[in-house]
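The values are calculated or read from the model by the stated rules, or taken from the named source; none is laboratory data. Quantities reported herein were computed from a predicted structural model and do not represent experimental measurements. Virtual Cβ from ideal backbone geometry, glycine too; neighbours counted across all protein chains shown. Areas reflect the complete protein model, heavy atoms only, side chains present, ligands, DNA and RNA absent. Shrake-Rupley method; radii C 1.70, N 1.55, O 1.52, S 1.80 Å.
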Amino acid sequence: MLALMADGVTHGSAKRWRSIMPVMSRVERAFCRSAPWQSFTGRVVLPWLLGDTELDGQVLEIGSGPGANGRALLERYRAVELTATDLDPVMVAAARRRLAPHGARVTVTKADATDLPFDDDHFDTAVSLLMLHHVIDWRDALVEVARVLRPGGTLVGYDLTDRRTARIVHLVDRSPHRLLASGELADGLDAAGFTAVQIDTAALGTVTRFRAE
């Protein structure tokens, strides 16, 4: 939020901000498409996040980026049908190329996380992988995810917290963001109607992992 205010952008003008700026800066686009990050997310991040969780059925990924997470999910969980979404057209195009070998098991769609183009009660699971802080109105995104999840459906994810390291990184690359302050995520999940909320932190508190039904 500090970075947004420094650029003259307030929470009230968030929708206008999204309409005139890419979701990711060029730096973050390059980072997300880099081979080391794609390898790390598949070999380290997803096992840490999901553990022994068995995913199947209809899975929604919000903020899918270039498709590295989606590919890892599809390879790890053979019973999953994935809908990958992102607001950034560059990321959508990259994800379509990367996920094309999985054929009918995957759909890649350009979509705003705060206004998802899906029916109520459509998905069994939603995943949010290091992207929620890119959504200025991330509380609205949680409401939308709750709407499209079926009763008993699960949201799992991880994100950056509002710590000094994350603030410095985003001030340097100047990507639009709103980092999650302590306690905000739990409040947002509760307000969106989620239950059985589990939240913990890692990497000296700079990363938060969450799960809710």
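For the listed peptides 58-71, 114-127, 136-149, 186-199, a ranking on the average number of other beta carbons within 10 Å per residue, highest first, reads 58-71, 136-149, 114-127, 186-199. The convex hull drawn around the Cα atoms of segment 42-89, when projected onto a plane and averaged over every direction, covers 3.3 nm².
Determine how many Å³ per residue the convex hull of the Cα atoms of segment 50-161 encloses. Please report the intermediate quantities before stating the final value.
Working: hull volume 10.9 nm³, N = 112.
Spread over its residues, the Cα hull of segment 50-161 gives 97 Å³ apiece.
Carbon and sulfur atoms: what percent of the 1.4 Å accessible area of segment 56-111 do they account for? Answer for segment 56-111: carbon and sulfur cover 50 percent of the accessible area.
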